[in-house]
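Novice: Structure provided below as structure tokens; questions to follow.
The values are calculated or read from the model by the stated rules, or taken from the named source; none is laboratory data. Quantities reported herein were computed from a predicted structural model and do not represent experimental measurements. So basically every Cβ, Gly included, is an ideal-geometry build from the backbone, and we count neighbours across all protein chains shown. Surface areas here come from the heavy atoms of the whole protein model, side chains and all, with no ligands, DNA or RNA. Shrake-Rupley method; radii C 1.70, N 1.55, O 1.52, S 1.80 Å.
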Amino acid sequence: MTLETFIQQLMNGISLGSLYALIAIGYTMVYGILRLINFAHSDIFMVGAYFAFFLVAIFRLPWGVSAILAIILTALVGMIVDRAAYRPVRNAPRISALITAVGVSFFLENLGLVTVGARPKAFQRPDIMARVIPIGPAAVSGVSIWVPILSLALLALLLFIVYRTKVGMAMRSVSTDIETTRLMGVDVDRVISYTFAIGSALAAAGGIMWACKYPQINPLMGIYPGWKAFTAAVVGGIGNITGAMLGGFLIGLVEIMTVAVLPGLSGYRDGIIFTLLLVFLLLRPTGILGEPLKEKV
Amino acid sequence: MERRRLHLVLTLALIAVLFLALWWADTHLGEFPLRVARTGAIYVVAAVAYNLVNGITGQFSLGPNGFMALGGYTTALLILPLQQKQFVWFLEPLMWPFNSFSFPGYLFGLAVLLGGVMGALGALLVGIPSFRLRGDYLAIATFGFGEIIFVLANNLIPLTNGPLGMKGIPEYANVYWCFGAAVVATLVVSNIANSSYGRAMKAIRDDEIAAEAMGVNVFRTKMLAFVTSGFFGGVAGGLLVSLITTISPTLFTFGMTFNLLIIIVLGGLGSITGSVITGFGFALMSELLRVVEAPINIGPIHIPGVPGMRMVVFSVLLILLMIFYRRGLFGQFELSWDWVLSVLRVTRGVREWKRERKTESS
Amino acid sequence: MEARTQNGVILTLDHVTIKFGGLVAVNDFSLDIRKGELVGLIGPNGAGKTTVFNIVTGQYTPTSGRVIFEGRDITGWRPDLIAAAGIARTFQNVRLFTGLTVLDNVLVSQHLRLKSSFLSAAFQLPDYVKEDEDARARGMDLLERVGLAGLAKEQAGSLPYGQQRRLEIARALATNPRLLLLDEPAAGMNPEETTQLMRFICRIRDEFDLTIFLIEHDMRLVMGICERIRVIDYGVSIAEGTPQEIQSNPRVIAAYLGEEED
């Protein structure tokens, strides 16, 4: 591999990884609090991309405004999903909540298929994303530069919210002990609602940037990025926000680099990530940063 | 024990009646109802075993599509006629040893069984990393496994013929095979569920920590349930490809698992009887619901068909079930001979006999 | 058994320490329990009592120190192997298999002794059928002895609280333990039920030839039936002795009884 392609692939891996990181946050935060794998999260990601698409293509709004509006709308969708589907099964056996999540995921996907159709739509990305920028000997596309920068900014904002604000403190407290937090007078349901909003907003940002990177969107576009991001959350240590970020970058780099080094395996790239997951579960089930989840006896 | 023998006789009698009815149906009914019935029977095979993991043991698996794929490809490779194999693999040759033999019709049972064995091996492979730790890792590991199988099926062209798959698989899976497998799966799974192993599985479902403290080997017990479900998933996959006579990677996507999930949830997580009934019900329902996807003409009004509408209906159904009717149709209730007999005992003769006994003993 | 136990000691906790993150939940805890003894473990809430139990039964692995049962080092064993070795327990907040019947709850505890294979259970082969019938007979017999036989077919979750507690003890007994750990058996009981429970504990100790180690807040029960009492506070042993000695120990009064008077 020449230095040129190496730099290109590295940037490519980092930008893909930063998107996985953005999505992984939503999984890991919800899991940390509710011990629920929010299967619908990958479809929230898709919803975010579609909101942006429609705002730009139909309402002709400027690009930045569309993106921000799409993020806000998606956050609302996340809160609605929590309120309508997950809250009613909060006290049910855990398997009921998981099944509900699978149901919501299938609902969003098929609702998408029914309403906007299965045919991919071309996503109009802003010019700065399409422009090619030279880095040393390599020409790197604007997406590969801007996506990691924007993602890192969002991740920094998230860390600020979680560790420096009152809402963030409530979230951390709920994830440590939901009952005690409730006894302290915190409105736990509202905190969970905010968690869904934040996770969904990040997923929407991820979805929009994903659509800039791969400018074809369809109602099933969330499935693979979603599962790989969940894999990233597990690899990083589920429930751990920093771990999810690390895991995201790791998965993105592994995915791009395996194919770059061994082009013969390109058909297997999705399989490789899931194999990595199984190997990780076998060798280090708690992830890179995770501590074993001890149930209270 | 007397009661056990009575149950055995009743069960055998019921099976005899069932196969007589099948013989009648096979000779009198048309292609379409028989096809729905066979599909239903195959759903039952996969669903009762899936319920053993999700309902009885309480572990959330999303694996059946992967196991069905393993069984489906195995059976297809074994029974596809040699001539057809040459015809199908026109880009790259089929690999040895499958290019050198083909099972004749009378070995169909063996081919399906080997499909089941492959499914079980797959379950073993996923189960070991997933069950080492408490938590929901099974869901993601089984999903990942399904995707790995999908990727392999698309890429291992010398073995699977890639996205094109195989055509012209002999249609050996008649009503007797399908219902025979459904009967065996139902009996075996309900035997397990009612045995000491099944009690250990239910104990894990209710309280894993307490089960372990009472001496239940949690890892081994989960594995037993999971590998059993892998086996019957493989069997169901083998039967399915011989029913529809084609196979391709898209046959066993996550949608298949979703169908099975609907079946076991609707029937009642943990109720084997429920899965049997809703297995057939689902096969019928998804045929009937084709209506909503087909264009409708009411006089001059034309409503275009909406593909995908069925899945919207099913997913809403699943969510509503979980919120409002979590126990499903049967909860954890099982139709058992004891129950049937106790219902029948309401008849007058038995009441009188009981009254006599009471007066005698007092 | 005597050969494997020194001076009739059945359980030894040897300088056991466990840390969770920075918190030392149990610190350098040592204890010998002799065969047939009835030992109580008391201390204020959060003192680390249940943690000691969790270490003995394998739910937690101690950071350092050893647990020796009948001469065997069982430190770090899986809970199911410890149950098979002969230690059974109940839980502070009753943890029954609520979806199973009373009889099935007890039968789960006999699963560890099942010899028939999985396949012979799946096909109801004669060896399994025979074993299952024997297990059922033993289970019914046990329920008879603890006075729950009449409820054998009821769902465990539907029993009144007091009987759930009793069933949990029966379920532990069904593993054929030699050492029984009871975690606050009298919690939530009224004085009359507690009196019954005291009699019940003494009776099963004799009938099942048990050694009993229990945690309890109800002083009447602890002082009434325990032969020896250990007191811990903040994970550290602060006293040990007969009920009389404990009642008059100033450190205990300060740490524990004093707190109750507040």
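Novice: Cβ under 13 Å from B:P33's Cβ, B:P33 left aside: what net charge do those residues give with Lys, Arg +1 and Asp, Glu -1? Mind showing how you got there, number by number?
Specialist: Working: positive: B:R35, B:R38; negative: B:D26, B:E31, B:E287.
With Lys, Arg at +1 and Asp, Glu at -1, the neighbours total -1.
Novice: Here is a follow-up. R0 = 41 Å: FRET efficiency of A:Q124 with A:T165, Cβ-based, nearest 0.05? Please list the in-between numbers first.
Specialist: Working: r = 35 Å, r/R0 = 0.85.
Plugging the Cβ-Cβ distance into 1/(1 + (r/R0)^6) gives 0.70.
Novice: Would you calculate a helix-derived [θ] at 222 nm for chain B, using -39,500 (n - 2.57) for each DSSP H run of n ≥ 4 and dividing by the full residue count, to the nearest 500? Spell out each step's value before the answer.
Specialist: Details: 17 runs with 254 residues, N = 362.
Calculated mean residue ellipticity at 222 nm is -23000 deg cm²/dmol.
Novice: Turning to a different aspect of this structure: Only helical DSSP H runs with n ≥ 4 go in: add -39500 (n - 2.57) per run for chain C, normalise by residue count and round the 222 nm mean residue ellipticity to 500 deg cm²/dmol. Write out the running numbers ahead of the final one.
Specialist: Numbers: 10 runs with 95 residues, N = 262.
Mean residue ellipticity, 222 nm, calculated: -10500 deg cm²/dmol.
Novice: Work out how far the C-alpha atoms of the range A:1-101 reach from end to end along every principal axis, then list the three figures in whole Å, largest first.
Specialist: 55, 39, 17
Novice: In addition: Cα convex hull of the range B:93-245: mean projected area in nm², to one decimal?
Specialist: Numbers: hull surface 41.5 nm².
Convex hull of Cα atoms, orientation-averaged projection: 10.4 nm².
Novice: Report, as an integer, the average count of C-beta atoms from other chains found within 10 Å of each Cβ along C:120-133. Show your work: numbers first, answer last.
Specialist: Working: counts 1, 9, 12, 4, 9, 0, 0, 0, 4, 3, 1, 2, 6, 2.
Average neighbour count from other chains, rounded to a whole number: 4.
Novice: Would you mind checking which residues have amide H under 5 Å from C:L214's amide H? H placed 1.01 Å from N; only 5 or more apart, or other chain.
Specialist: Placed amide hydrogens put C:V39, C:G40, C:L41, C:L182 under 5 Å from C:L214.
Novice: I'd like to know how the range A:3-221 sits against the 2.2 N^0.38 Å rule of thumb: what's its Cα Rg over that expected value? Present the calculation step by step, with values, prior to reporting the outcome.
Specialist: On the way: Rg = 18.4 Å, N = 219, 2.2 N^0.38 = 17.1 Å.
For the range A:3-221, the normalised Cα radius of gyration comes out at 1.08.
Novice: Translational diffusion coefficient of the range B:1-159 at 25 °C, 0.890 mPa s, Stokes-Einstein with Kirkwood Rh over Cα pairs, in µm²/s as a whole number.
Specialist: On the way: Rh = 18.8 Å.
Estimated diffusion coefficient is 131 µm²/s.
Novice: With label points built 7 Å along Cα→Cβ from the Cα atoms of B:L159 and A:N91, find their separation and express it in nm.
Specialist: Here the answer is 5.0 nm between the modelled labels.
Novice: Same structure, new question: Which residues make up the longest stretch of chain A clear of trypsin sites (Lys or Arg not before Pro) that lie in a DSSP loop with no more than 12 other Cβ atoms within 10 Å, not counting the sites?
Specialist: Details: sites that count: A:R60, A:R131, A:K294, A:K296.
For trypsin sites (Lys or Arg not before Pro) (loop position, at most 12 other Cβ atoms within 10 Å), the longest site-free span of chain A is A:132-293.
Novice: Further, regarding this structure: Quick check on my link table: of A:K121/A:K213; B:K202/C:K153; B:K222/C:K19; C:K19/C:K49; A:K228/B:K222, which ones sit more than 20 Å apart, alpha carbon to alpha carbon?
Specialist: Details: A:K121/A:K213 14 Å; B:K202/C:K153 16 Å; B:K222/C:K19 30 Å; C:K19/C:K49 14 Å; A:K228/B:K222 26 Å.
From A:K121/A:K213; B:K202/C:K153; B:K222/C:K19; C:K19/C:K49; A:K228/B:K222, over 20 Å: B:K222/C:K19; A:K228/B:K222.
Novice: Further question on the same structure: Give the range of the longest stretch in chain C that excludes all chymotrypsin sites (Phe, Trp or Tyr not before Pro) found in loop regions by DSSP and having at most 16 other beta-carbon atoms within 10 Å. Let's see the in-between values first.
Specialist: On the way: sites that count: C:F123, C:F208, C:Y234.
Between exposed loop sites, the widest span is C:1-122.
Novice: Further, regarding this structure: Just to check I understand the Karplus step: with θ = phi - 60° and J = 6.51 cos²θ - 1.76 cosθ + 1.60, what whole-Hz values come out for the range A:174-181, glycine and proline as x?
Specialist: 4, 6, 7, 7, 5, 5, 4, 4
Novice: Roughly what would the spin-label model give for C:Y161 and B:V291, points 7 Å off Cα along C-beta, in nm?
Specialist: So the two model labels end up 5.4 nm from each other.
Novice: Here is a further query. With the convex hull built on the Cα atoms of the range C:98-175, state its orientation-averaged projected area in nm².
Specialist: Details: hull surface 19.7 nm².
Across all orientations, the range C:98-175 yields a mean hull projection of 4.9 nm².
Novice: Would you kindly give the portion of the calculated P(r) for the range A:205-246 that falls above 11 Å, as a percent of all Cα pairs?
Specialist: When every Cα pair of the range A:205-246 is considered, 67 percent fall beyond 11 Å.
Novice: Probe radius 1.4 Å, ligands and nucleic acids ignored: give me the carbon and sulfur share of the accessible area of the range C:98-175 as a rounded percent. Can you show the working numbers first?
Specialist: Details: 1860 of 3250 Å².
The computed percentage sits at 57.
Novice: Take the Cα atoms of the range C:1-104, find their three principal axes, and give me the spread along each one in whole Å, biggest first.
Specialist: 41, 40, 24
Novice: What does the C-alpha gyration tensor say about the overall shape of the range A:193-297? Classify as rounded when a/c is under 1.5, otherwise prolate if a/b is larger than b/c, or oblate.
Specialist: Values: a/c = 2.31, a/b = 1.15, b/c = 2.00.
In terms of gyration-tensor shape, oblate.
Novice: For the protein assembly as shown, what is the percent of antiparallel DSSP beta bridges, rounded to the nearest 5?
Specialist: Values: 31 of 47 bridges.
Percentage antiparallel, nearest 5: 65.
Novice: Let me ask something else. Mind listing the Cα extents of the protein assembly as shown along all three principal axes, in Å, largest one first?
Specialist: Taking max minus min along each principal axis of the Cα atoms, the protein assembly as shown gives 86, 74, 58 Å.
Novice: Using just the alpha carbons, could you tell me how many Å³ per residue the convex hull of the range B:225-332 encloses? Can you show the working numbers first?
Specialist: On the way: hull volume 14.7 nm³, N = 108.
It is 136 Å³ per residue.
Novice: Helix A:142-164 against the longest principal axis of chain A: what's the angle in degrees, Cα atoms only, rounded to the nearest 10?
Specialist: 20
Novice: Hey, can you rank B:71-78, B:145-152, B:126-133, C:146-153 by average C-beta count inside 10 Å, highest first? Walk me through the intermediate numbers first.
Specialist: Working: B:71-78: 28.0, B:145-152: 23.1, B:126-133: 20.9, C:146-153: 15.6.
Put in order of decreasing packing, that is B:71-78, B:145-152, B:126-133, C:146-153.
Novice: Compute the distribution of all C-alpha to C-alpha distances in chain C, in bins of 5 Å from 0, and list the percent of pairs in each, rounded to whole numbers.
Specialist: 1, 6, 12, 16, 18, 16, 13, 9, 5, 2, 1, 1, 0
Novice: Working with all protein chains in place, sort B:K85, B:K202, C:K19 by solvent-accessible area computed with a 1.4 Å probe, largest first. Could the numbers behind the result be given before it?
Specialist: Details: B:K85 10, B:K202 35, C:K19 110 Å².
So the residues, ranked largest to smallest area, are C:K19, B:K202, B:K85.
Novice: Let me check against my output: what whole-number percent is the relative contact order of chain C, with C-alpha pairs under 8 Å and at least 6 apart?
Specialist: On the way: 452 pairs, mean separation 66.7, N = 262.
Once divided by the residue count of chain C, the mean separation gives 25 percent.
Novice: Whole Å is fine, so just give me how far the alpha carbon centre of the range B:224-298 lies from that of the range B:113-184.
Specialist: What the calculation gives is 14 Å, centre to centre.
Novice: Of the listed peptides A:279-289, B:231-241, A:48-58, what is their order by residue-averaged count of other C-beta atoms within 10 Å, with the highest listed first?
Specialist: On the way: A:279-289: 16.6, B:231-241: 32.2, A:48-58: 21.6.
Final packing ranking: B:231-241, A:48-58, A:279-289.
Novice: Taking the convex hull of the alpha carbon atoms in chain B, what volume per residue do you get, in Å³? Intermediate results must be reported in sequence, preceding the final value.
Specialist: Numbers: hull volume 74.0 nm³, N = 362.
Dividing the Cα hull volume of chain B by its residues yields 204 Å³.
Novice: Using only Cα atoms and rounding to the nearest 10 degrees, what angle (0 to 90) does helix A:63-81 make with the longest principal axis of chain A?
Specialist: That helix lies at roughly 30 degrees to the long axis.
Novice: Still on this model: Which peptide among B:19-26, B:320-327 comes first, and what is the full order, when sorted by highest mean count of other Cβ atoms within 10 Å? Could the numbers behind the result be given before it?
Specialist: On the way: B:19-26: 13.6, B:320-327: 16.5.
The peptides rank, most packed first, as B:320-327, B:19-26.
Novice: For the range A:129-280, how big is the tail of P(r) above 18 Å, as a whole percent of Cα pairs? Don't skip to the end; give the middle numbers.
Specialist: On the way: 7702 of 11476 pairs.
Pairs farther apart than 18 Å: 67 percent.
Novice: Quick one: net charge of B:G268's neighbours, Cβ under 10 Å, K/R +1, D/E -1? Before the final figure, lay out each step's value.
Specialist: Numbers: positive: B:R326, B:R327; negative: B:E334.
Summing Lys and Arg as +1 and Asp and Glu as -1 gives +1.
Novice: Quick check: net charge around C:G139, other residues with Cβ under 13 Å of its Cβ, Lys/Arg +1 and Asp/Glu -1? Could you put the intermediate results ahead of the total?
Specialist: On the way: positive: B:R199, C:R113, C:R136, C:R138, C:R145, C:K153, C:R171; negative: C:D104, C:E131, C:D132, C:E133, C:D134, C:D141, C:E144.
Here the charged neighbours net out to 0.
Novice: Something else about it: Taking beta carbons within 10 Å but only from partner chains, what does the mean come to for residues B:322-334? Numbers along the way, then the final one.
Specialist: Values: counts 15, 10, 1, 0, 8, 0, 0, 0, 0, 1, 3, 0, 0.
Per residue, the number of nearby Cβ atoms from other chains is 3 on average.
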